[in-house]
1. Looking at Ile74, Ile90, which one is without any contact (Cβ under 8 Å) to a residue 40 or more places away in the chain and crowded, with 22+ Cβ neighbours inside 10 Å?
2. I'd like to check something: does region 44-58 contain any residue that is assigned to a strand (DSSP E or B), β-branched (Val, Ile, Thr) and either within 17 Å of the chain's Cα centre (by Cα) or within 23 Å of Asp179 (Cβ to Cβ) (or both)?
3. Would region 146-154 turn up any residue that is closer than 24 Å to Ile2 by Cα, surrounded by fewer than 16 Cβ atoms within 10 Å (Cβ to Cβ) and either touching a Lys or Arg at 6+ places or on another chain (Cβ under 6 Å) or at pLDDT below 95 (or both)?
4. What residue, among those in region 82-132 that are of a type in the set (S, T, N, Q) and part of a loop (DSSP other than H, G, I, E, B), is modelled with the lowest pLDDT?
5. Could you figure out which of (1) within 20 Å of Asp162 (Cα to Cα); (2) at pLDDT 95 or above isn't true of Ser187?
6. Run Cys232 past the list (1) outside any loop (DSSP other than H, G, I, E, B); (2) at pLDDT below 95; (3) under 16 Å from the mean Cα position of the chain (by Cα) and report the number of the one that doesn't hold.
7. Which numbered condition trips up Tyr59, out of (1) within 24 Å of Ile118 (Cα to Cα); (2) of a type outside the set (D, E, K, R); (3) surrounded by fewer than 20 Cβ atoms within 10 Å (Cβ to Cβ)?
8. Can you tell which of Gly51, Gly62 is among the small types (Gly, Ala, Ser) and over 28 Å from Val184 (Cα atoms)?
Amino acid sequence: MIYILGPCALESWEMYLQTATELNNIMAGKEWYLKASFDKANRTSLHGKRGMGLDKALYAFGAIKEYFPNIKLITDVHECWQVEKLVPYIDAIQIPAFLCRQTDLIVECAKAFKRVNIKKGQWLGPENLIASADKIKETNPDCEAWMCDRGSIYGYHHLIVDFTIVESLKRVYDKVVLDCTHSVQRSRKVYGVQGDRELAEKYVIASSIFDYDGVFAEVHPDPPNAISDGDCQIYLNEFRDLMEKHERINRAV
C-alpha cells in the first residue's frame, strides 16, 4: 500500500520541515509521498490564503530532498507551464479534482512524470473518469495512472465514499487511492464545520478492508490554524497511533 501524507497547503518552511521530519520517522519502511500544495488555486473566497507559491515552494522541495533523500514528494499542479518547473523535485504529480478532465494538463503531466495521481471530481461517477486514464496511457504507456477518490456529492452539501466502485476503478487505474480527508468535507453554512476529522480517521483504518491500493490523508501539526481544510486534517502528533490501528487492520485483512 502507498501513502500520500502531509499538509493541505505549503504554508511555511517551518511547518513543512516539521511535518516531513515526524512523518519520516512514523512511516519508516513504507512507500509514502510527502504531500503539500504550493498554491490552493481553487479557494472559495478571493481572499482565502493560498500557500507560499511556486517559486518559494521549489526551494522548499529542494531542501526536503537534500535533508531527506528517501522522501518522495507529490504536489498539485494547476497549469501546464508549471509542470516543467516541478520535474526536478517531484516524484508523482497530482491533478486536482476540478481539473480531472483537463486534457492539456493531463498530457503534459504524463509526458513529464512516471506517476500521475488524478483526484476524482466529486460530481463524476467511476465510468466518467476512464477517459482520463486513457489520456495518460495513450500519451505515455509507461506512466502509472492513479485515481484518488475524494468522495461523491450527495445532495448539495454532503460527500460520501462509495466503497462499491473500488473494484471497477482498479480495472482501469494502476492504483486506486482513498482520499480520507477531502472526502469528509462539509459546508460550514449547513453543518457549522468544514469537515469531520473523526470520520477521516475511520476511513484511514478501513481503507484496507475495501482493498484500496493507497491512502491519502492530510496531516498537519496544528489543524485548527491551517489556512485550509482545518476541520478535515489529522493531527500530526496523533498520526502514529492512527497508523498502528491501520496496520492491525492490514494484518487482519
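1. Numbers: Ile74 fails: without any contact (Cβ under 8 Å) to a residue 40 or more places away in the chain.
So the residue among Ile74, Ile90 that is without any contact (Cβ under 8 Å) to a residue 40 or more places away in the chain and crowded, with 22+ Cβ neighbours inside 10 Å is Ile90.
2. Filtering region 44-58 down to residues assigned to a strand (DSSP E or B) leaves none.
Taking every residue of region 44-58 in turn, none turns out to be assigned to a strand (DSSP E or B), β-branched (Val, Ile, Thr) and either within 17 Å of the chain's Cα centre (by Cα) or within 23 Å of Asp179 (Cβ to Cβ) (or both).
3. So far as region 146-154 goes, no, none of its residues is closer than 24 Å to Ile2 by Cα, surrounded by fewer than 16 Cβ atoms within 10 Å (Cβ to Cβ) and either touching a Lys or Arg at 6+ places or on another chain (Cβ under 6 Å) or at pLDDT below 95 (or both).
4. In the first step, residues of region 82-132 are kept if they are of a type in the set (S, T, N, Q); the result is 82, 94, 102-103, 117, 122, 128, 132.
Filter once more, keeping what is part of a loop (DSSP other than H, G, I, E, B): 102, 122.
Details: Gln102: 96, Gln122: 91.
This residue is Gln122.
5. (2)
6. (1)
7. (1)
8. Sole residue among the options that is among the small types (Gly, Ala, Ser) and over 28 Å from Val184 (Cα atoms): Gly62.
The values are calculated or read from the model by the stated rules, or taken from the named source; none is laboratory data. Because the structure is a prediction, the values reported are computed rather than measured. All Cβ positions, glycine included, derive from the backbone under ideal geometry; neighbour counts span all protein chains shown.
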